[in-house]
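See structure below.
Bear in mind these aren't lab numbers, they're just calculated from the coordinates by the rules spelled out. On a predicted model such as this, the values are computed, not experimentally measured, just so you know. Methodologically, a virtual Cβ is constructed for each residue, glycine included, from the backbone with ideal geometry; neighbour enumeration extends over all protein chains shown.
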Amino acid sequence: MATESVKLLSVRASPYAMRAILALEAKGVKYEIIEEDLSAKSQLLLESNPVYKKIPVLLHGEKAIPDSLFIVPYVDEAWPEHAAFFPKDPYGRAMTNFWGDFIDKKTKKGDPNKEAGVSELYENFLTLENGFTKLDAKPFFNGATIGYADICLAPLAAWLPVFVELAGIRVPTAEKAPKLHKFLSAIREHPATKVAFPDPDKLLAYVILHLKKTSQP
Ligand SMILES: N[C@@H](CCC(=O)N[C@@H](CS)C(=O)NCC(=O)O)C(=O)O
């Protein structure tokens, strides 16, 4: 199965696409990126994710797997010979899924200009810190190698400087959230993120350009 061609319908700045790339990189899979223009979606995207018509979509031979939350576990199972993204024990798996879900729902920037959104995100970072503590992260949720929850959270490390700069997001200090900061540093140094994350300055420039375009009448 793992010898079939692997392609990823992607957008460079997308945090969801970053998750899929991280998973493929962490497993040492050879793949091709097909960059999508979301303002003129390709026929391939419309056909391979007919339900949501969103990137990322993983194309593995004839199979199309949409959505980062399903692509990452799929990659884990399709390439089992490399370090697993989930612990073997049922409790560890359940909690990995629990935190992956929390991260996916609760670490988005929400409404950037609303103080309530900024405060809620700050509290969610503290909740996450507590989750790290419970799982005894070193420095990842998964232990020494990155796993599902780490891959879910990783794109935050790329986007955080943009959120802070443009949306006034507040992050707990290293004293208040040492494990979160340790995670962010470790993930930025991880070889897979060197490929998955765009250059931070380019990402900021892209977002500023996008905001200008969308604010035009
Ligand atoms: N839950 C999905 C979210 C994917 C998503 O929102 N993708 C955005 C790009 S970041 C998209 O394709 N948007 C196009 C659209 O909404 O039409 C995942 O985790 O992959």
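Structure notes:
- In region 119-192, one over the average inverse separation of all distinct C-alpha pairs is 12.5 Å, which is the Kirkwood hydrodynamic radius.
- Here the Karplus relation 6.51 cos²θ - 1.76 cosθ + 1.60, evaluated at θ = phi - 60°, turns the backbone of region 155-161 into coupling constants of x, 4, 4, 6, 8, 3, x Hz, with x for every Gly and Pro.
- Hydrodynamic estimate: the Kirkwood radius of the chain over Cα pairs, inserted into Stokes-Einstein at 37 °C and 0.692 mPa s, corresponds to D of 182 µm²/s.
- Fewest neighbouring Cβ atoms within 10 Å first, the residues Ser10, Ser185 line up as Ser185, Ser10.
- Selected from Asp37, Asp89, Asp76 as most flexible by GNM, with the chain as the system and alpha-carbon contacts under 10 Å: Asp89
- Annotation: amide H-H contacts under 5 Å for Ile33 (H modelled 1.01 Å from N, sequence separation of 5 or more, or interchain): Leu8.
- Inter-part distance, region 53-100 to region 140-217, computed on C-alpha centroids, equals 21 Å.
- For region 1-81, the list of trypsin sites (Lys or Arg not before Pro) that fall in a loop by DSSP and count at most 11 other C-beta atoms within 10 angstrom reads Lys30.
- Remark: region 77-88, residue by residue, has Karplus-estimated 3J(HN,Hα) of 7, 6, 10, x, 6, 9, 3, 6, 8, 10, x, 6 Hz, where x stands for each Gly or Pro and the curve is 6.51 cos²θ - 1.76 cosθ + 1.60 at θ = phi - 60°.
- GNM top mover of Ser42, Ser14, Ser68 - the chain, alpha-carbon springs below 10 Å: Ser42
- Nitroxide proxy distance, nm - points 7 Å out along Cα→Cβ at Lys176 and Leu69: 2.8 nm
- Of the GluC sites (Glu not before Pro) in region 14-123, those whose Cβ has at most 11 other Cβ within 10 Å and which sit in DSSP loop: Glu62, Glu81
- HN-Hα J in Hz across region 196-203 - Karplus 6.51, -1.76, 1.60, θ = phi - 60°, x for Gly and Pro: 6, 8, x, 4, x, 5, 5, 5
- Inter-label distance, Asn97 to Thr127: 1.9 nm, where each label sits 7 Å from its Cα along the C-beta direction.
- Classified by the C-alpha gyration tensor, region 142-184 has an oblate form. Its axis ratio a/c, with a ≥ b ≥ c, is 1.5 or above, and a/b does not exceed b/c.
- Near the amide H of Gly143, within less than 5 Å, lie the amide hydrogens of Lys138, all on another chain or at least 5 residues away, with H placed in the peptide plane.
- Stokes-Einstein diffusion coefficient of region 48-177, Kirkwood radius over Cα pairs, 4 °C, 1.567 mPa s, in µm²/s: 80 µm²/s
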